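S.K.: My questions will all concern the structure given below.
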Amino acid sequence: MDLCITIKGVSFLLQTGLGIMGNMLVLAAYGHIALVEPRLQPVDQIMAHLAFANLMLLLTRGVPQTMTVFGLRHLLNDSGCKVVIYTYCITRALSVCFTCMLSVFQALTIAPAGGPRLARLKARLPQLVAPTFAGLWLLNMAVCIAAPFFSVAPRNGTVPPFTLNLGFCHVDFRDNLSYVINGAAVSARDFSFVGLMLGSSGYILVLLHKHSRQVRAIRRSQGGSMEMRAAKTVVMLVVLYAVFFGIDNVIWIYMLTVAQVPAVVADMRVFFSSCYATLSPFLMISSNKKLKERMVCAAGGEQKQDAAEDTDKTNIK
C-alpha cells in the first residue's frame, strides 16, 4: 500500500475511532446522570444532544471514508448513499446548531436581569429546550432534503463535472447552477448560526470581564461556580468550532469555484470538518466536573468489583 494512502487511512482511523469513543463516553455519562438525578440541566441536555449529533456525523462520514481509504469499494448502493448522505447532512448541520444553541442559552443564563421580560425568559429557559430541539431538527431536515436526490453510488469511469466525490458515494449536482445554489444555501445557514454563536460567546466574555468581582462572590456558592465553569466550557467549544469551521469553509469555497474537485482536497475537507466532532467530547470531559465525576465513579466501581472478585478467589483458595 502506498505510504501516502497509509498515512491518510491511519489519520482517518484514529480520528474516527477516538471521536466515536469520546462521544459515546459523554452520552453514557449523561445517561447515568439522567438516571440518578431528577432531570438534566438545559446546558447538560444540549451537550448530550451535541455529542449524539457528532457521534452520528462520525458514523455516517468518518467510518465509510476510512473504509474507502483502505481500499474497500462498493460499500453502498444508491439507496444506501441517499440515507447516509441525508443523515450526515442533518447531523453536520445539527452540530453547528446545537453549539450555537449552547452558546445562546448559556449567555441568557448568566445575563444579569435587565427587566421583567428578560427575567421571564430566563425563568422559561428549561421549558424552551425541547421545542428548540424539535425546531432545529425540523429545520435541518427540510434544508437538507435536496441531498438524497443528488446522491448516488459511485459508477465505473470518470467522475462527472460538478460532482462531490466522497469515495463511497457521489453527490452529482449535474449543472453549475444547482451546485452553486446548494453550496451557497449551506454556507448561508452555517454562517448565520456561527455568527450568532460568536456574538453570544463574545457577550459571555464581556460579562465575565465586567463582573469579575461579582463572579468571585458567586463562586463561593456551588450554583454560581457551576454556571461560570459551564460558560467557560461553552466559549472554548465555540472557539474550537470556529477554528475548524473557518478551515472547512475556505476549502469549501475553493471547491465551489472548480468543476472537478481533486480527491486530496475533498479528503482534507472531510478531515478538518470532522475534527470538531472528534475533539469536542474530550473538551467537554476535561472541563465538565460533573462528567469527570461520573467517569471516576464508574472506574472506581469497576476497580472495587475486580478487587472483590480477587478477594473471593483468594478465600476460595
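The values are calculated or read from the model by the stated rules, or taken from the named source; none is laboratory data. Since this is a predicted model, take the numbers as computed values, not measurements. Glycine also receives a Cβ, built like all others from the backbone with ideal geometry; neighbour counts cover every protein chain displayed.
S.K.: Restricting attention to segment 253-281, and to residues there that are of a type in the set (S, T, N, Q) and under 14 Å from the mean Cα position of the chain (by Cα), which single residue is nearest to Asp190 (Cα to Cα)?
M.R.: Restricting to residues being of a type in the set (S, T, N, Q) and under 14 Å from the mean Cα position of the chain (by Cα), the top hit is Ser273.
S.K.: If you go through segment 213-259, how many residues are at pLDDT 70 or above and not acidic (Asp, Glu)?
M.R.: Of the residues in that region, 28 qualify.
S.K.: For segment 128-141, state whether one or more residues are outside any helix (DSSP H, G or I) and β-branched (Val, Ile, Thr).
M.R.: The answer is no; no qualifying residue exists.
S.K.: Search segment 137-157 for residues that are under 22 Å from Asp172 (Cβ atoms) and touching a residue at least 40 places away in the same chain (Cβ under 8 Å) and pair each with any residue that is among the acidic types (Asp, Glu) and assigned to a helix (DSSP H, G or I) when their beta-carbon atoms are under 9 Å apart and the residues are at least 6 apart or on different chains.
M.R.: Here the result reads Ser151/Asp78; Val152/Asp78; Ala153/Asp78, each pair linking segment 137-157 to a residue that is among the acidic types (Asp, Glu) and assigned to a helix (DSSP H, G or I).
S.K.: Then there's this: Tell me the residue from Gln127, Gln106 that is out of contact with any helix residue (DSSP H, G or I) (no Cβ under 7 Å at 6 or more places or on another chain) and either surrounded by 12 or more Cβ atoms within 10 Å (Cβ to Cβ) or of a type in the set (S, T, N, Q) (or both), please.
M.R.: Among Gln127, Gln106, only Gln127 is out of contact with any helix residue (DSSP H, G or I) (no Cβ under 7 Å at 6 or more places or on another chain) and either surrounded by 12 or more Cβ atoms within 10 Å (Cβ to Cβ) or of a type in the set (S, T, N, Q) (or both).
S.K.: Which is touching a residue at least 40 places away in the same chain (Cβ under 8 Å), assigned to a helix (DSSP H, G or I) and more than 26 Å from Ala153 (Cβ to Cβ), of Gln15, Gln65, Gln106? Before the answer, list the steps.
M.R.: On the way: Gln15 fails: more than 26 Å from Ala153 (Cβ to Cβ); Gln65 fails: more than 26 Å from Ala153 (Cβ to Cβ).
So the residue among Gln15, Gln65, Gln106 that is touching a residue at least 40 places away in the same chain (Cβ under 8 Å), assigned to a helix (DSSP H, G or I) and more than 26 Å from Ala153 (Cβ to Cβ) is Gln106.
S.K.: When residues of segment 113-162 are filtered for being among the small types (Gly, Ala, Ser) and within 21 Å of Val43 (Cα to Cα), how many remain?
M.R.: Going through segment 113-162 one residue at a time, the tally reaches 6.
S.K.: Just name the residue that is surrounded by the fewest Cβ atoms within 10 Å (Cβ to Cβ) out of those in segment 32-63 that are under 19 Å from Ala230 (Cα atoms) and among the small types (Gly, Ala, Ser).
M.R.: My answer is Ala34.
S.K.: Quick one: which of Ala146, Ala113 is more than 24 Å from Ile181 (Cβ to Cβ) and modelled with pLDDT under 85?
M.R.: Working: Ala146 fails: more than 24 Å from Ile181 (Cβ to Cβ).
Going through Ala146, Ala113 in turn, just one is more than 24 Å from Ile181 (Cβ to Cβ) and modelled with pLDDT under 85: Ala113.
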